[in-house]
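A.B. asks: Next up is a structure, given as structure tokens.
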Amino acid sequence: MDGSILTDNLSTLVDDRVDEGMFRVDRSVYIDESIFEQEISNIFEKCWIFLCHESQVANHGDYFWTEIGRQPVFVHRQEDGSLKCFINACSHRAAILTPFRQGNAKTLTCRFHGWTYKCSGNCVGIKNEEDGTDRSRFDLREIASLASYQGFIFGSLSADVPALDDWLGAAKIWIDLMAVQSPEGLEVVPGSSTYKTDGNWKLQAENSVDGYHVSTVHRVFAHTIAARESKGEYTGIGKTESGRISGGVPTASYDLGNGHMAIWAQHTTPEARPIWEARERLKNELPPKQVEWILTKGRNLYIFPNVMLMDNPSTQIRVMKPISANQVDISVYCVAPKGESTKARAGRLRKFEDFYLTAGMATSDDLAALEDTHEGSMARSAKWSEFNRGLKSITHGADADARELGFEPQACTDNWNHEVLYHGFYRHWLRMMKGEFQG
Amino acid sequence: MTDLQQEVTNLIYQEATLLDRHHWDEWIDLYTEDAVYWVPSWANEEETTDNPEMNLNLIYLRNRGGLEDRVFRIESRDSYASVPLDRTVHVVGNVLTGNEKAGEVEATANCIIHSYGKKGGLTRASLYDFKLRREDGELKISQKKITFIDDRLEGPIDVYHL
Ligand SMILES: [Fe+2]
């Protein structure tokens with residue numbers, strides 16, 4: 001490593017000369033710990049960060065412990081149904097206040113010295129309290145910003161963030177396409193998995209909307225499913241689709257602005273999707289274009305910087321927690337429309353398990369590829385990763401599909417093999433790193 | 001040790017050995033056609049999910065075909081996570097055997113699994129809950145539930161890591 005990257009030099013990391021046919025990123029962005037420290041302070045501690053889904057804190061007293069960057073926080077459902085989010089550290093000596101990652105407690109008592117806090121964050125008990133103590137000095141520290149969009153809860157340590165709706169912008173309708181699938185909303189299904197990844201968080205961000213790798217890394221998945229089907233197994237909703245993976249279907253990629261990115265690919269067997277059973281209801285409830293997108297387009301959405309929402313054969317919330325330049329923890333949850341049939345729910349879960357987990361038959365291969373990419377980035381003698389595929393196919397603003405659905409991307413192309421969506425990601429990354437993004 | 005205990009213990013040992021030595025087809029042959037292979041996920045720090053159909057599992061295979069999928073992928077040599085293949089050593093112990101009733105026996109065991117691969121050496125552990133069934137005089141596995149005690153998982157996990 002050649003020492004720390006000064007703010008002045010950040011621009012040299014992203015070689016953005018699209019007019020000359022070149023967009024490339026210095027691979028030190030994946031491996032340099034000083035860059036990572038700056039990401040923590042300038043991105044993760046400044047941005048809206050996805051915290052949890054509302055179904056994970058449904059009732060008064062429900063809490064969910066997560067991290068903003070590296071700072072522990074917990075979301076707590078209040079008596080009046082509203083939400084608050086606090087720094088997860090006792091005001092006295094900083095012990096974590098929630099015994100579990102997720103649970104219910106209408107008051108929280110620190111297990112170290114027994115200080116007690118109400119759901120509201122007010123300090124209401126100090127063991128062996130001394131005369132004249134002003135307890136209000138010890139109320140829990142609320143984070144600066146907290147807001148929800150369609151049940152997805154975001155928070156920020158910064159008060160200086162744009163309104164969440166404005167921040168999500170063109171990504172909003174992609175969230176809607178998941179959230180409107182049931183009039184009762186979505187729920188996170190019991191069970192989850194967290195896996196430690198020896199690679200930079202931005203490689204995971206890239207991978208989540210990388211259509212180009214699918215026909216190589218997941219070729220074996222498609223072959224495995226084809227072999228399964230040739231034996232006549234797992235039919236109907238029990239089927240796991242592989243047509244999308246084999247290629248040759250319509251696809252597209254989008255730079256949604258603010259670092260958000262998305263891709264879709266046409267399903268070859270939409271009737272095997274768990275949402276198919278609800279198609280008539282959806283047609284009555286929603287505009288035809290939304291129904292078409294929900295039923296027939298497999299979608300991957302990346303919301304800058306820490307969450308991915310997948311609606312493919314199954315549906316997933318994937319959350320990143322950056323540990324260091326070289327490591328990111330990834331937690332995955334199956335999110336599903338409330339009220340779907342048990343058959344659809346079981347089908348959704350089996351598809352999830354087939355593909356998505358580190359114990360599954362596809363995400364495990366993604367993980368291995370990602371870790372190899374990270375390791376290869378250590379080769380400082382070859383320092384650039386190019387993102388030039390699709391340069392000649394860029395549409396600035398909306399394409400016909402985007403216009404019909406009603407969102408305005410920064411740019412798009414008609415092929416998920418293209419890499420130009422990453423330009424928006426790295427441009428936004430650079431703006432935030434330089435402290436230039438003011439909402 | 002009774003004959004049944006010996007028979008059950010041998011079967012469980014044999015499974016571990018076949019996995020470690022990559023005798024995949026013989027491994028699958030230890031299972032009945034309708035065998036369930038179930039690795040629940042953790043619902044919270046203390047409990048795994050307990051309804052495999054309606055909750056998220058790490059792996060839930062509802063018949064032997066599911067095991068065949070896994071072996072197909074390993075043998076294809078086209079799976080990024082499985083080339084090169086991790087080396088593994090399973091050490092099985094604490095085998096406890098119930099009584100045989102109408103050709104069915106339940107057994108539990110513990111397993112320490114040491115693997116070596118790109119991440120170096122990793123040691124992990126599983127609790128096994130077996131249901132065994134006698135078919136043509138021979139005991140086969142009709143259900144294996146694996147409680148994989150690790151939660152923050154390191155690296156890809158496949159049937160030979162568990
Ligand atoms: Fe992938």
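A.B. asks: Using protein heavy atoms only (no ligands, DNA or RNA), what is the total accessible area buried between A and B, 1.4 Å probe, nearest 100 Å²?
C.D. replies: Numbers: alone 18090 and 9370 Å², together 23800 Å².
In total, this chain pair buries about 3700 Å².
A.B. asks: Select from region A:342-366 all residues whose loss of accessible area on going from the chain by itself to the full protein assembly reaches 50 Å² or more (probe 1.4 Å).
C.D. replies: Going by heavy-atom accessible area, the residues of region A:342-366 that drop by at least 50 Å² are A:Arg350, A:Glu353, A:Thr358, A:Ala359, A:Met361, A:Asp365.
A.B. asks: For chain B, find the longest principal axis of its Cα atoms and tell me its angle to the long axis of helix B:64-76, 0 to 90°, nearest 10.
C.D. replies: That works out to roughly 40 degrees.
A.B. asks: Now, a different point. For helix A:421-433, report the angle its Cα long axis makes with the longest principal axis of the Cα atoms of chain A; keep it between 0 and 90° and round to the nearest 10°.
C.D. replies: That helix lies at roughly 20 degrees to the long axis.
A.B. asks: Quick one: net charge of A:Asn388's neighbours, Cβ under 10 Å, K/R +1, D/E -1? Walk me through the numbers on the way to the answer.
C.D. replies: Values: positive: A:Arg24, A:Arg389, A:Lys392; negative: A:Glu386, A:Glu419.
It works out to a net charge of +1.
A.B. asks: Now for a different question. So what is the relative contact order for chain A, in percent, with contacts set as C-alpha pairs under 8 Å and at least six apart?
C.D. replies: Working: 899 pairs, mean separation 88.6, N = 439.
Normalised by residue count, the contact order of chain A is 20 percent.
A.B. asks: For peptide A:298-308, how many partner chain Cβ atoms fall within 10 Å of a residue's Cβ, on average? Could the numbers behind the result be given before it?
C.D. replies: Details: counts 0, 0, 0, 0, 0, 0, 0, 0, 0, 0, 0.
Partner-chain Cβ atoms within 10 Å, mean over residues of A:298-308: 0.
A.B. asks: Still on this structure, I have one more. About the Cα centre, and with charges only on the beta carbon of Lys, Arg (+1) and Asp, Glu (-1), how big is the dipole of chain B? Nearest 20 debye, please.
C.D. replies: Values: 18 positive and 30 negative charges, 98 e Å.
Computed charge dipole of chain B: roughly 480 debye.
A.B. asks: Can you tell me the FRET efficiency between B:Asp34 and A:Asp372 if r is taken as the Cβ-Cβ distance and R0 is 30 Å, rounded to the nearest 0.05? Before the final figure, lay out the partial values.
C.D. replies: Details: r = 38 Å, r/R0 = 1.28.
Calculated value: 0.20.
A.B. asks: With the full set of protein chains in place, find how many percent of the accessible area of the protein assembly as shown is carbon and sulfur; take the probe as 1.4 Å.
C.D. replies: Working: 11010 of 23800 Å².
C and S atoms contribute 46 percent here.
A.B. asks: Residues with beta-carbon under 12 Å from that of A:Phe352, excluding A:Phe352: net charge, scoring Lys, Arg +1 and Asp, Glu -1?
C.D. replies: Once all neighbours under 12 Å are counted, the net charge is +2.
A.B. asks: Moving to a separate point now. List the Cys residues of chain A that have no partner Cys with a C-beta closer than 4.7 Å.
C.D. replies: A:Cys47, A:Cys52, A:Cys85, A:Cys119, A:Cys123, A:Cys334, A:Cys412
A.B. asks: How far apart, in nanometres, would the label points at B:Thr123 and A:Asn284 be if each is projected 7 angstrom from Cα along the Cα-to-Cβ direction?
C.D. replies: Computed distance between label sites B:Thr123 and A:Asn284 equals 6.1 nm.
A.B. asks: Counting Lys +1, Arg +1, Asp -1, Glu -1, what net charge surrounds A:Gly397 among other residues with beta carbon under 10 Å of its beta carbon?
C.D. replies: Numbers: positive: A:Arg403; negative: A:Asp399, A:Glu408.
Residues near A:Gly397 contribute -1 overall.
A.B. asks: While we're here: Compute the distance from the alpha-carbon center of region B:71-92 to that of region A:369-439, in whole Å.
C.D. replies: Going from one Cα centre to the other spans 34 Å.
A.B. asks: Relative contact order (percent) for region A:303-439, with alpha-carbon contacts under 8 angstrom and 6 or more residues of separation? Walk me through the intermediate numbers first.
C.D. replies: On the way: 131 pairs, mean separation 17.3, N = 137.
Taking the mean separation of contacting Cα pairs over the length of region A:303-439, I get 13 percent.
A.B. asks: Another question, if that's okay. If the elastic network links every pair of Cα atoms under 10 Å, which of A:Lys338, A:Lys231, A:Lys106 fluctuates the most in the Gaussian network model of chain A?
C.D. replies: The residue with the greatest mean-square fluctuation here is A:Lys231.
A.B. asks: Under unit Cβ charges (Lys, Arg +1; Asp, Glu -1), what dipole magnitude, rounded to 20 debye, does region A:169-433 have relative to its Cα centre?
C.D. replies: On the way: 30 positive and 32 negative charges, 23 e Å.
Roughly 120 debye, rounded to the nearest 20.
A.B. asks: Hey, another quick one. Calculate the dipole size of region A:119-242 relative to its Cα centre from +1 charges on Lys and Arg beta carbons and -1 charges on Asp and Glu beta carbons; express the result in debye to the nearest 20. Spell out each step's value before the answer.
C.D. replies: Details: 11 positive and 18 negative charges, 131 e Å.
Dipole magnitude for region A:119-242 comes out near 620 debye.
A.B. asks: Then there is this: Nearest-5 percent of antiparallel DSSP beta bridges in the protein assembly as shown?
C.D. replies: Working: 119 of 126 bridges.
If I count the DSSP bridges inside the protein assembly as shown, around 95 percent turn out antiparallel.
A.B. asks: Now for a separate question. Under 1.5 on a/c is rounded, so check that first for region B:82-162, then, if it is not, pick prolate when a/b is larger than b/c and oblate when it is not; a ≥ b ≥ c are the square roots of the alpha carbon gyration tensor eigenvalues. Don't skip to the answer; put the middle values down first.
C.D. replies: Values: a/c = 2.92, a/b = 2.22, b/c = 1.32.
In terms of gyration-tensor shape, prolate.
A.B. asks: Relative contact order for chain B using alpha-carbon pairs under 8 Å, separation at least 6, rounded to a whole percent?
C.D. replies: With pairs under 8 Å counted, the relative contact order is 23 percent.
A.B. asks: Ok, one more. How do A:Trp115, A:Trp276 stack up against each other in accessible area, from largest to smallest, with a 1.4 angstrom probe? Write out the running numbers ahead of the final one.
C.D. replies: Numbers: A:Trp115 25, A:Trp276 70 Å².
Descending order: A:Trp276, A:Trp115.
A.B. asks: Let me ask something else. Decide, for region A:383-427, between rounded, prolate and oblate: order the square roots of the alpha carbon gyration tensor eigenvalues as a ≥ b ≥ c, take rounded if a/c falls under 1.5, and otherwise choose prolate if a/b is larger than b/c, else oblate. Walk me through the numbers on the way to the answer.
C.D. replies: Details: a/c = 3.04, a/b = 1.98, b/c = 1.53.
Verdict is prolate for region A:383-427.
A.B. asks: What residue among B:Gly98, B:Ala43, B:Leu132 has its Cα farthest toward the positive end of the dipole of region B:3-161, where the charges are +1 on Lys, Arg and -1 on Asp, Glu, each on the Cβ?
C.D. replies: Looking along the dipole axis, the top candidate is B:Ala43.
A.B. asks: Oh, and also: Rounded, prolate or oblate: pick one for chain A, where a ≥ b ≥ c are the square roots of the eigenvalues of its C-alpha gyration tensor, a/c under 1.5 means rounded, and failing that, prolate if a/b is larger than b/c, else oblate.
C.D. replies: Details: a/c = 1.78, a/b = 1.25, b/c = 1.42.
Cα axes put chain A in the oblate bin.
A.B. asks: Considering the dipole of chain A built from charges on the beta carbon (Lys and Arg +1, Asp and Glu -1) around the Cα centre, which of A:Ala262, A:Met432, A:Val189 is farthest to its positive end?
C.D. replies: Sorting the options by dipole projection puts first A:Val189.
A.B. asks: Sticking with this one: Calculate how steeply helix B:3-20 sits against the longest principal axis of the alpha-carbon atoms of chain B, using the helix alpha-carbon long axis, and give the answer as 0 to 90 degrees to the nearest 10.
C.D. replies: So the helix axis and the longest Cα principal axis differ by about 20 degrees.
A.B. asks: Excluding ligands, DNA and RNA, what is the solvent-accessible area per residue of the protein assembly as shown at a probe of 1.4 Å, expressed in Å²? Numbers along the way, then the final one.
C.D. replies: Numbers: 23800 Å² over 601 residues.
Accessible surface, normalised per residue, equals 40 Å².
A.B. asks: Please name whichever of A:Tyr234, A:Gly390, A:Leu370 sits farthest to the positive end of the charge dipole of region A:169-433, dipole taken about the Cα centre and charges placed at Cβ: Lys and Arg +1, Asp and Glu -1.
C.D. replies: A:Tyr234
A.B. asks: Could you compute the longest span of chain B free of trypsin sites (Lys or Arg not before Pro) located in DSSP loops and having at most 16 other Cβ atoms within 10 Å, not counting the site residues?
C.D. replies: Working: sites that count: B:Arg21, B:Arg77, B:Lys118, B:Lys119.
Longest stretch, sites excluded: B:22-76.
A.B. asks: Where in region B:1-61 are there GluC sites (Glu not before Pro) that are in a DSSP coil and have at most 14 other Cβ atoms within 10 angstrom of their Cβ? Could you put the intermediate results ahead of the total?
C.D. replies: Values: sites: B:Glu7, B:Glu15, B:Glu26, B:Glu33, B:Glu45, B:Glu46, B:Glu47, B:Glu53; in loops: B:Glu45, B:Glu46, B:Glu47, B:Glu53.
Here the sparse-neighbourhood loop sites are B:Glu45, B:Glu46, B:Glu47, B:Glu53.
A.B. asks: Roughly how many whole Å is it from the C-alpha centroid of region A:295-337 to that of region A:81-132?
C.D. replies: Comparing the Cα centres of region A:295-337 and region A:81-132, I get a distance of 31 Å.
The values are calculated or read from the model by the stated rules, or taken from the named source; none is laboratory data. The model shown is predicted, which means the values in this text are computed figures rather than measured ones. Backbone-built Cβ (ideal geometry, glycine too); neighbour counts: all protein chains shown. All accessible areas refer to the heavy atoms of the entire protein, side chains included, with ligands and DNA or RNA removed. Shrake-Rupley method; radii C 1.70, N 1.55, O 1.52, S 1.80 Å.
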